[in-house]
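To start, the structure under review is shown below, and the notes come after it.
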Amino acid sequence: MSRKYEDLTITKDGQLLLKKAEHDQVETVWDRYQAQLPQCGYCDMGLSCRICIMGPCRVDPFGEGPQQGVCGADADIIVARNLGRMIAAGAASHSDHGRDLVEVLAEVAEGRAPGYTIVDEAKLKSLAAEFGVAVDGKDPLQIAKELAAAMQEEFGTRKKELTLLKRAPAKRQDIWKKLGIAPRGIDRETSEMMHRTHMGVDNGWVSLLLHGMRNALSDGWGGSMIATDVSDILFGTPKPAATTVNVGVLKEDQVNIIVHGHNPVVSEMVLQACQSPEMLQLASAKGAKGINLAGVCCTGNELLMRHGVPMAGNHLTTELVLATGAVDMMIVDYQCIMPSLGKVAACYHTKMISTSDKAHFPGMEHREFHPDNVADMARMVVKEAIDNFGRRGRVYIPVEPVNAIGGFSIETIIGALGGTPQPLIEAIKAGKIRGAAGVVGCNNPKIKQDYGHVTLTRRLIENDILVLDTGCAAVANAKAGFKVAEAINYAGPGLKEICGALGIPPVLHVGSCVDNVRILGLVSALANALGVDISDLPVAGAAPEWYSEKAATIGVYFVASGVYTVLGPMPPITGSMNIVNLLTQGLNDLVGAVFAVEPDPEKAAILIRKHIETKRQALGLPFLANVG
Amino acid sequence: MKKVMVHPERCVGCMQCMAACATAHSQTKCLLTAIAETPLPKPRVHVGAGLYGEGFPNRCRHCDPAPCLLACLPGAISRHRDTDTVIINPDICINCASCAMACPFGVIRYHQDMTAAPGKTVAVKCDNCMARQRAGLNPACVEICKSGALTFEEPAAGLKRKTDEVARSVSVCAEGLPSAPGFALLNAVKKAQAGLSKM
C-alpha cells in the first residue's frame, strides 16, 4: 500500500483502519485493485467476448487489428451483448432476492415458517388488491397464500404484462407499450436476454439494448418492487427511527455481531435472537454487557430502516470493520460479500458464518438457514458468537459513531407531508425545493470511498435539491452527518425551511439497494399528482461510485422510467461509440431520459442542477437560466 | 532487420503479451499445459501501470552498448548479431544480479527456467523469440497484440508511419480527432478518476 490512506477514503474510520490493516498485514480491496492495474482495456471497453468457444474474441479499438469476432459480431454487437448480459445478471440478482421473500410469505401462510409473521396487514391487503386477490372477510394468512401465489405468477410466463407496471403514470406505460418494452414476466426477460445474446440470435445492437431496458424494467417494476413490498409485509413498513453509523457503533464491552448481505430474511431472525432474554442472559454470564447487532451493506440497511439497528459501514468498509478485532461474528447472506472476507477474519478471532444455500465462501462456516429452521439456527449462531466473545484479542475501535435518522419509506414521507404529496409539490412549484435526486449505488475502489456520494449530495442539498438515497450511498451520507435534523444547516435556504418545518433531514434514507423502487414510487406519485410523466419532473438519479451488475440494472430501469441518471464510473461500453451515443443522447427520443457519465461529483452536481432547471422551465415553473 | 517496436499509446493493458511470452518460453508451447510445467514458465515482457492505470509493455530494448552486457563479469551476456539480440547464457550466469542493477529499464528477472540446469536460478530476459524467428514466426508478444501496441517491423518503416502520424496531427485544419474515440473517452474517465483521489 504505497498510496496515502487519505487518497483511498474520505472516512476517518476507514483511514485509521487501513493503517491498522496494513500493520496487521491484512490485504484489502485497494491492494488487490492496485495489483490488477493495468486492467484489460478490451474488457473495460466491452470489446472482449467470451460468449462462445469459437472465441474468445476481441476487437481492436484502433481499427487495424480484428474488427469482428470469429462469428462476425462487430464492436456494436459485442458491446451490446455484454451490456445485455450485465443487465440480466443484475435483474436476476435483485429479482431472485424478491423471489426468496415471496417464498417466505408462502411458507408463513402455510404455517411452515415459525418465527415469521405478517407484520403489516394493511400493506398485505393493499398489495392483494393490486394483484386482484379478494381480501374481504378473509384471514390474513389466506390472503398471504393467495398473494404469494399471484406474485409467483409474475416470475413466470403466464402474464401478458407485469401487474405493478400499473403503478407508473399512464403516459409512461404508453411509452413502454409503444416501444414494446413493457416486461411480461420477471424471469422471462432475463431468460430471453440470455437467449438473445447467444451466438446467432439478436444481432441488432439497438434491439438488444431495447430488450435490455425491458429486462431492467422487469426488475424495477417487478422483482425488486416485490422484494421491497413483501419485506414490508413480513417485517414492517419502515418508519423514521434514530440510529448510529460508522465503525464506532461496535462496542468494546458487548458481543458484536455484524450482519452482511442483502436479504432481511436471515438478519431479521438474528435480530430477534439477539434481543431474546435467553441470549442476553448468556452474554451476561460470559461477561458481556449485552449483544450489539450492527449491519454493513444492505442487509444492514434493511434492519436500519425497520429497527434503527446501527450501521458499521458500506461496501469498502466490510473488510476494514473486521480489522477492529472487535467483531465476534459476521453473518452473511448474499450479494456484494467479498470472497476475501474469510481470509481477513482469519487474522482475528472473528467467526464467519454463511447462511444461504446459494452463497458459499472460503473461510466461512456454512450454516444453512431455511424458513422452517431459521429461528433455531439464529439462536444457535448467536450463541456461538457469545461463546466467541471471550476469545477476543486486542480491540481497536478508533472513532465515535455519528447519529442518523433512517426509515423513510414513501408511506412515511407522504405521511410526514400530511397524507398527500401536495406540500412537496407546492414547495417545488414555488422553487423552495428545486427538485429531487436519488443518490444511490455502491463503493468502487476506482473512486475515493464516499467522496463521490458525499460531495454530490452536499452540492445538491446546498442548491435546494432534496436527496433520497439508498444502499451504500445512503450509508456514506449518514457517515457524513447529513441524516440528522440539524443537517438542514448544510441545505440551501428553501430546502432548509421546508425540512426544518417538517423536522426531517435534507437527505432521506429510503432503504437498501433493492429499495430503489421506493424512489420509483415517489416519482410516480409526484407525476400522477401533477398529471405529467416521470420524465417531465425536475428529478434525477446518480450512482457516483457504482460497481455492480445490480447497479447497472438499476440505472437502466431509472432511465427507462424517465429519470435522467448520472453515473460516476464508466460502464464497459466505450468500444462502441454508437452505443455511447444512444445511451447518452438517443434514448431521449425513446424514453425521455438519458445517461451521463461524470466521475467528478462537482461536475455531476452541475449536470443534475442544469437538468432540473431545464425540466422546471418546461413545466412553466420559475427556473435558473445559468447554473454552474 | 525487423525489430519489435513498442507504441505505448496503443497499449490497452490486457496483459496478453505476458501470457503469450511465458507460453513461448515453455516446454510445451501451449498455455493450457504450460501452466502445469516445472519450472513454471514466466514472461520476459511485463506490463506496467501508468499514472492513471493505463498499460505499458515494458520489454528489453536490446541496447547497444548494453549496460547489462558490460556489467556481466562472468561473460554470460552477449550479442547475437544476426538478430541484434542481447542474450544470456544460463550455464555461465552466476545469479549475481549485476546486470539487473545496470539495466535502466528493470527488465531482468531471476528465476528457474527450462533453459537452465534444473534447480538453478538464473537471470532471464527477452530473447526476441529467436527460436520462433528461426521457425519463421513473429515474436510471441507481437503476434498476440491485437491493438498494435507491439509491432515487428523494419524500424525505418515504423518510424516513417509515426512521422506521418505526427505530420497529419499538425496539418492545417487537422480535426485532432483521436484514432479510437472510445479508447480516448475511457482514458479521459480514468484520468478524471485518478485526479479525484488527490482532492
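With the structure loaded, tell me whether residue A:10 is over 18 Å from residue B:10 (Cα atoms) and either without any contact (Cβ under 8 Å) to a residue 12 or more places away in the chain or at the interface with chain B (Cβ under 10 Å from one of its Cβ atoms) (or both) or whether it fails that test.
Values: over 18 Å from residue B:10 (Cα atoms): yes; either without any contact (Cβ under 8 Å) to a residue 12 or more places away in the chain or at the interface with chain B (Cβ under 10 Å from one of its Cβ atoms) (or both): yes.
Judged against the criteria, residue A:10 is a match.
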note = residue A:418 meets each of (1) within 19 Å of the chain's Cα centre (by Cα); (2) surrounded by fewer than 24 Cβ atoms within 10 Å (Cβ to Cβ); (3) assigned to a loop (DSSP other than H, G, I, E, B) with one exception, condition (1)
note = Considering residues that are of a type in the set (A, V, I, L, M, F, W, C), more than 20 Å from the chain's Cα centre (by Cα) and not in a loop (DSSP other than H, G, I, E, B), the number found within the range A:565-603 is 8
Unmet requirement for residue A:19, which otherwise passes all of (1) over 26 Å from the mean Cα position of the chain (by Cα); (2) assigned to a loop (DSSP other than H, G, I, E, B) = (2)
key: Count of the range B:103-140 residues which are of a type outside the set (S, T, N, Q), buried (at least 18 other Cβ atoms within 10 Å of the Cβ) and either over 20 Å from residue B:16 (Cα atoms) or within 14 Å of another protein chain (Cβ to nearest Cβ) (or both)   = 5
query = Can you find even one residue in the range A:98-107 that is among the β-branched types (Val, Ile, Thr), at pLDDT 95 or above and under 30 Å from residue A:400 (Cα atoms)?
reply = no
query = residue A:5 is checked against (1) within 13 Å of chain B (Cβ to nearest Cβ); (2) buried (at least 21 other Cβ atoms within 10 Å of the Cβ); (3) out of contact with any strand residue (DSSP E or B) (no Cβ under 8 Å at 6 or more places or on another chain); (4) within 28 Å of residue A:455 (Cβ to Cβ) and fails just one. What number does that condition carry?
reply = (2)
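Considering B:138, B:187, which residue is at pLDDT 95 or above and under 20 Å from residue A:62 (Cβ atoms)?
Step by step, each of B:138, B:187 is checked, and only B:138 is at pLDDT 95 or above and under 20 Å from residue A:62 (Cβ atoms).
Can you find a residue that is among the polar types (S, T, N, Q), within 13 Å of chain B (Cβ to nearest Cβ), in a helix (DSSP H, G or I) and out of contact with any helix residue (DSSP H, G or I) (no Cβ under 8 Å at 6 or more places or on another chain) anywhere in the range A:27-35?
Going through the range A:27-35, the residues among the polar types (S, T, N, Q) turn out to be A:28, A:34.
The next check asks that each one be within 13 Å of chain B (Cβ to nearest Cβ); those that pass are A:34.
After this cut, where a residue has to be in a helix (DSSP H, G or I) as well, the list is A:34.
Those left that are additionally out of contact with any helix residue (DSSP H, G or I) (no Cβ under 8 Å at 6 or more places or on another chain): A:34.
Yes; the residues of the range A:27-35 include at least one that is among the polar types (S, T, N, Q), within 13 Å of chain B (Cβ to nearest Cβ), in a helix (DSSP H, G or I) and out of contact with any helix residue (DSSP H, G or I) (no Cβ under 8 Å at 6 or more places or on another chain).
Is it fair to say residue B:75 is more than 20 Å from residue B:129 (Cβ to Cβ), out of contact with any Lys or Arg (no Cβ under 9 Å at 6 or more places or on another chain) and not assigned by TED's automatic domain parsing to the domain that holds residue B:1?
Working: more than 20 Å from residue B:129 (Cβ to Cβ): yes; out of contact with any Lys or Arg (no Cβ under 9 Å at 6 or more places or on another chain): yes; not assigned by TED's automatic domain parsing to the domain that holds residue B:1: yes.
Taking the combined requirement at face value, the residue satisfies it.
Which of the residues spanning the range A:202-251 are more than 23 Å from residue A:172 (Cα to Cα) and acidic (Asp, Glu)? Write out each step before concluding.
First pass over the range A:202-251, keeping only residues more than 23 Å from residue A:172 (Cα to Cα): A:202-205, A:230-251.
Correct list: A:202, A:232.
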remark   = All conditions in (1) out of contact with any strand residue (DSSP E or B) (no Cβ under 9 Å at 6 or more places or on another chain); (2) within 14 Å of chain B (Cβ to nearest Cβ) are true of residue A:568 except (1)
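For the structure I just gave you, tell me whether residue A:212 is surrounded by 24 or more Cβ atoms within 10 Å (Cβ to Cβ) and either among the hydrophobic types (A, V, I, L, M, F, W, C) or not assigned by TED's automatic domain parsing to the domain that holds residue A:93 (or both).
Criteria not met by residue A:212.
Okay, residues lined up against (1) touching a strand residue (DSSP E or B) at 6+ places or on another chain (Cβ under 8 Å); (2) more than 14 Å from residue A:299 (Cβ to Cβ):
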residue: A:239; (1), (2): no, yes
residue: A:243; (1), (2): yes, yes
residue: A:258; (1), (2): yes, no
residue: A:261; (1), (2): yes, no
request  = Filter the range B:10-24 down to residues that are buried (at least 24 other Cβ atoms within 10 Å of the Cβ), more than 11 Å from every other protein chain (Cβ to nearest Cβ) and either over 13 Å from residue B:132 (Cα atoms) or of a type in the set (S, T, N, Q) (or both), then give me how many there are.
outcome  = 1
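Checking the conditions here, which among A:71, A:57 is more than 24 Å from residue A:569 (Cβ to Cβ), away from chain B (no Cβ under 13 Å) and touching a residue at least 12 places away in the same chain (Cβ under 8 Å)?
Details: A:57 fails: away from chain B (no Cβ under 13 Å).
Testing whether each residue is more than 24 Å from residue A:569 (Cβ to Cβ), away from chain B (no Cβ under 13 Å) and touching a residue at least 12 places away in the same chain (Cβ under 8 Å) leaves just A:71.
Can you tell me which residues in the range A:74-119 are among the hydrophobic types (A, V, I, L, M, F, W, C), within 17 Å of residue A:197 (Cβ to Cβ) and more than 14 Å from chain B (Cβ to nearest Cβ)? Break it down stepwise before answering.
Initial filter on the range A:74-119 (among the hydrophobic types (A, V, I, L, M, F, W, C)): A:75, A:77-80, A:83, A:86-89, A:91-92, A:101-102, A:104-106, A:108-109, A:113, A:118-119.
Remaining after also requiring within 17 Å of residue A:197 (Cβ to Cβ): A:75, A:77-80, A:83, A:86-89, A:91-92.
Listed by number, the residues that qualify are A:77, A:86, A:87, A:88, A:89, A:91, A:92.
Based on what the data block shows, is residue A:522 touching a helix residue (DSSP H, G or I) at 6+ places or on another chain (Cβ under 6 Å) and assigned to a helix (DSSP H, G or I)?
Numbers: touching a helix residue (DSSP H, G or I) at 6+ places or on another chain (Cβ under 6 Å): yes; assigned to a helix (DSSP H, G or I): yes.
Yes.
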query = Just one of the numbered conditions (1) more than 14 Å from every other protein chain (Cβ to nearest Cβ); (2) touching a residue at least 40 places away in the same chain (Cβ under 8 Å); (3) outside any loop (DSSP other than H, G, I, E, B); (4) of a type outside the set (S, T, N, Q) is not true of residue A:562; which one?
reply = (3)
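Among the residues of the range A:455-486, write down those that are crowded, with 24+ Cβ neighbours inside 10 Å and either within 14 Å of another protein chain (Cβ to nearest Cβ) or among the small types (Gly, Ala, Ser) (or both). Quick ask: steps written out before the conclusion?
Step one: filter the range A:455-486 for residues crowded, with 24+ Cβ neighbours inside 10 Å, giving A:456-457, A:460-461, A:464-479, A:482-483.
Across the range A:455-486, the qualifying residues are A:456, A:471, A:473, A:474, A:476, A:478.
Report yes if residue A:163 is surrounded by fewer than 21 Cβ atoms within 10 Å (Cβ to Cβ), β-branched (Val, Ile, Thr), within 25 Å of the chain's Cα centre (by Cα) and modelled with pLDDT of 95 or more, otherwise no. Please lay out each step first, then the result.
Numbers: surrounded by fewer than 21 Cβ atoms within 10 Å (Cβ to Cβ): yes; β-branched (Val, Ile, Thr): yes; within 25 Å of the chain's Cα centre (by Cα): yes; modelled with pLDDT of 95 or more: yes.
Yes, satisfied.
The values are calculated or read from the model by the stated rules, or taken from the named source; none is laboratory data. What you see is a predicted model, and the numbers here were worked out from it, not measured in a lab. Neighbour counts run over all protein chains shown; Cβ positions are idealised from the backbone, glycine included.
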